[in-house]
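The values are calculated or read from the model by the stated rules, or taken from the named source; none is laboratory data. These numbers were taken from a predicted model, which means no experiment stands behind them. Positions of Cβ are generated from backbone atoms using ideal geometry, with glycine treated the same way; all protein chains shown enter the neighbour counts.
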Amino acid sequence: MGHELCIDSSEVACLSKHLSRLEPSEEQKERISRLVERAVRELHHVVEESGLKPLVREISIHGSFARDTWLPEDTDVDVFVLFDESLGLEELHKSVETLSTELAQRLGAELEVRFASHPYFIIKYRGVELELVPAYKVESPQRIKSAVDRTPFHTEYIISQISRNPALKRDIRLFKALLRRLNIYGAEIEVKGFSGYLAEVLIVHYGGLIPLLCAASKWIPWRVVIPETAYRLRGTAPLVVLDPVDPRRNAAAAVGVDQLSKLILFANVFKHCPAILCCVLEGVEEEAEYAPDENSIVLQLVKHPTLAPDALAGKLNRVLDAVTNTLRRNGFSVLRKLHLKLNEKHLLVLQLESLELPLWEKKVGPPVWHENVLRFLEKWASNKPAPFIEGDRVVAVAPRKNRNAIEIIKEVLKVYKGFEWEISKACDYIQKLPMPEKRELLKRLAGYEPWILCLKRCMAGAEF
């Protein structure tokens, strides 16, 4: 698309050696294709026997498997059951529940129920996860009745672009692998990252991974709009990417500002040290020489109401924000906050400057000429020591009401009914963990992500 390169492609020639690892083997493709074909055949029989055939307009495969842009470790396949528009939304979901249950029995597969905005069903069949997705068969994206109705149009669009430029498929896989290594792959609330479809759209728009990274190095959150002709939407989200099949939709609406900023920072480093890309794709490990201090706290969630994963992640993020904001309002300096998931355990981690504040705090009142000065004096006139003047303001020194961070946190947590927490100092919490979990948590707390380890090597001028 004529995008200017910031580096020569030869500087990242090492990418070719990663493609063999990132592209599924022909044997793997054939094995999964056979399983999917059998499942779809059986599904047609189930539809007919259930009496739903008049309402089912189409059964088709979508997502990255259909577009052949999946990574070897991603063995999930989206099987779309497209219904007639006359079927109600509730009946739509009930019908897919019936079909999923019956199909799992016929295949001798395990059925797992997961939750999003509604329950959905995963059929675990010989190492492949099949998700039956209910949607409506619509004429165009402008007539959608549910969000997933767009997906068939997404598949058609990406396949058409790849057929014109087959090299895009290679770069899509490289970009998805990079996003995964940066921990920003996936549109779930827990991740707030880049969906697979968004990754594909960006590669198509820029014509490859290197021009995309060159462009991303110049992005500024809240000012990025793709294509640029949609400038009227600037500022509506940290990143705006108009969906090519439905320009009413921002395909990047799920991307958080932190996650976008991480990609921008990586792209900036890449311009100056292209070898970091291959280093990150290689995947590097390093033991964390890190120990949290006495002022770091871990809140482990031990009980919570039944919620969909996205709903739970959103709730925990709000709890973390509420705790952080309350601590700051009470005079605590919160240096860092993290929401981590460690072997299905949800942890909120806070690093503070201090867990205990001094007894006294300074209350700076209004200027002596301000109308509110008498109200301030009325409140603090009996205080010991008495109010005094500093410059043109009235000031009081008073004992703090809340000095202990953990006590303040406990008060905030009481608001969230049905949630129970175990609060520990991080150093004590880590000592109780089994060694594998201990190592993993220390790496997370130390920020030892693959790209950071590669950054250290780049800054040290190491050879890759």
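Of note:
- Of the listed requirements (1) over 21 Å from I32 (Cβ atoms); (2) touching a strand residue (DSSP E or B) at 6+ places or on another chain (Cβ under 7 Å), V133 misses just one: (1).
- Of all residues in segment 115-141 being modelled with pLDDT of 90 or more and aromatic (F, W, Y), the one that is surrounded by the most Cβ atoms within 10 Å (Cβ to Cβ): Y125
- The residue that is farthest from the chain's Cα centre (by Cα), counting only those in segment 407-422 that are surrounded by 14 or more Cβ atoms within 10 Å (Cβ to Cβ) and closer than 18 Å to E353 by Cβ, is I408.
- Top-ranked residue of segment 428-455 - restricted to ones that are without any contact (Cβ under 8 Å) to a residue 60 or more places away in the chain and either in a loop (DSSP other than H, G, I, E, B) or within 30 Å of I276 (Cβ to Cβ) (or both), ranked as farthest from the chain's Cα centre (by Cα): K432
- Sub-7 Å Cβ pairs linking a first residue in segment 357-372 that is more than 12 Å from P399 (Cβ to Cβ) to a second residue that is in a loop (DSSP other than H, G, I, E, B), at least 6 apart or interchain, are P366/N372; P367/D392; V368/D392, ordered by first then second residue.
- Residues that are in a strand (DSSP E or B), at negative phi and of a type outside the set (A, V, I, L, M) do occur in segment 249-256, at least one of them.
- Filtered residues of segment 163-173 (kept if among the aliphatic types (A, V, I, L, M) and surrounded by 20 or more Cβ atoms within 10 Å (Cβ to Cβ)): L168, I172
- Flag not set for I189, criterion: closer than 19 Å to V241 by Cα and part of a helix (DSSP H, G or I).
- Of all residues in segment 309-368, those being β-branched (V, I, T) and over 22 Å from the mean Cα position of the chain (by Cα) number 4.
- Screening segment 264-315 for residues that are surrounded by fewer than 15 Cβ atoms within 10 Å (Cβ to Cβ) and of a type in the set (D, E) and picking the one that is farthest from L178 (Cα to Cα) gives E294.
- H370 meets the conditions (1) in a loop (DSSP other than H, G, I, E, B); (2) modelled with pLDDT under 95 in every case but one. The failed one is (2).
- Summed over segment 176-225, residues that are on the phi > 0 side of the Ramachandran plot and touching a residue at least 12 places away in the same chain (Cβ under 8 Å) total 5.
- The listed residue being in the same structural domain as H304 (by TED's automatic domain parsing) and not aromatic (F, W, Y), out of R439, R393, R375: R439
- Within segment 102-142, the set of residues being touching a residue at least 40 places away in the same chain (Cβ under 8 Å), farther than 22 Å from D310 by Cα and not aliphatic (A, V, I, L, M) comprises E102, R106, Y125, R126, G127, Y136, K137, P141, Q142.
- Of residues in segment 142-161 being surrounded by fewer than 20 Cβ atoms within 10 Å (Cβ to Cβ) and β-branched (V, I, T), the one farthest from E58 (Cα to Cα): I159
- Enumeration of residues in segment 30-69 that are under 30 Å from L19 (Cα atoms), in a helix (DSSP H, G or I), among the hydroxyl-bearing types (S, T, Y) and in contact (Cβ under 8 Å) with a residue 40 or more places away in the chain: S64
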